[in-house]
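Heads up, the thing below is written out as structure tokens.
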Amino acid sequence: MTNRHHERHKIETIGWLRAAVLGANDGIVSTASLILGVASAQVSTQSILITGVAGLVAGAMSMATGEYISVHSQSDTEDAALAEEKVELKENYEGEIRELTGIYVRRGLEHKFAREVAEKLMENNALDAHARDELGINELSAAKPVQAAFSSATSFSLGAAIPLLTAVLFAHANLIVAVIVTALLGLALLGGLAARAGGAKILPAVVRVTFWSALAMIITSGIGKLLGTAI
């Protein structure tokens, strides 16, 4: 009895990984920057916490709404393309076989064999064959608006919770340093985990995410300090 060979490539995780990393990274950076900007303006601890909570809620809702609209637009486009393909299959089945045959020929198959493959796949499920090989739509890439919105809001909230909890735990005098340190540590960990899950090099990912995030927090903190001095 032979063992079945199963392969799982890192590229299969790229969809959910991109959304999760983007949401958590945005949650940490935007909330930490918001807290640092307000704290640098020398306001009360209560005002800082209210600002942080408001940033978390607003950011999560914004991420969910934006992701839902974006992915729903993709879903609508896919549905329209599939509906058009159904009509073409009904009106010109032979032409659709030739079209699929041409795709396989361009991928390196001999014409006769490409024709046999196209006919066999279309006998099994013509729409699925054209969706996958002509339109590039499959189960992994198909748009899921609600799932995408929920994932983005959740990952943003988890990321935003890091600087927000830091602001709750540390005294006002140490708040700025504590938020910067915990945010950068969280971002470095996130960048490392994302790189590992995606099969990429860890160090460049960590350096990239911490550098640009630190720059964003420095700029926001500087603006808050200037405004606090001016007011």
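The values are calculated or read from the model by the stated rules, or taken from the named source; none is laboratory data. All values reported here derive from a predicted model rather than from experimental measurement. Only protein heavy atoms, including side chains, enter the accessible area calculation; ligands, DNA and RNA are left aside. Shrake-Rupley method; radii C 1.70, N 1.55, O 1.52, S 1.80 Å.
Computed quantities for the displayed model
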{"quantity": "Rounded to whole Hz, the Karplus (6.51, -1.76, 1.60) HN-Hα couplings of segment 211-216, x for glycine and proline", "calculated": "5, 5, 5, 4, 4, 4"}
{"quantity": "Leu193 accessible area, 1.4 Å probe, all protein chains in place, Å² to nearest 10", "calculated": "100 Å²"}
{"quantity": "Residue-normalised accessible area of segment 37-185, expressed per residue, 1.4 Å probe, Å²", "calculated": "58 Å²"}
{"quantity": "Accessible-area ranking of Lys120, Lys144, largest first, probe 1.4 Å", "calculated": "Lys120, Lys144"}
{"quantity": "Heavy atoms of Tyr68 accessible to a 1.4 Å probe, total area in Å² rounded to 10", "calculated": "90 Å²"}
{"quantity": "From phi via Karplus (6.51, -1.76, 1.60), per-residue ³J(HN,Hα) for segment 105-113 in Hz, x at Gly/Pro", "calculated": "5, 5, 8, x, 7, 5, 4, 4, 5"}
{"quantity": "³J(HN,Hα) computed for each position of segment 87-96 - Karplus, 6.51 cos²θ - 1.76 cosθ + 1.60, integer Hz, glycine/proline x", "calculated": "5, 5, 5, 6, 8, 8, 4, 5, x, 6"}
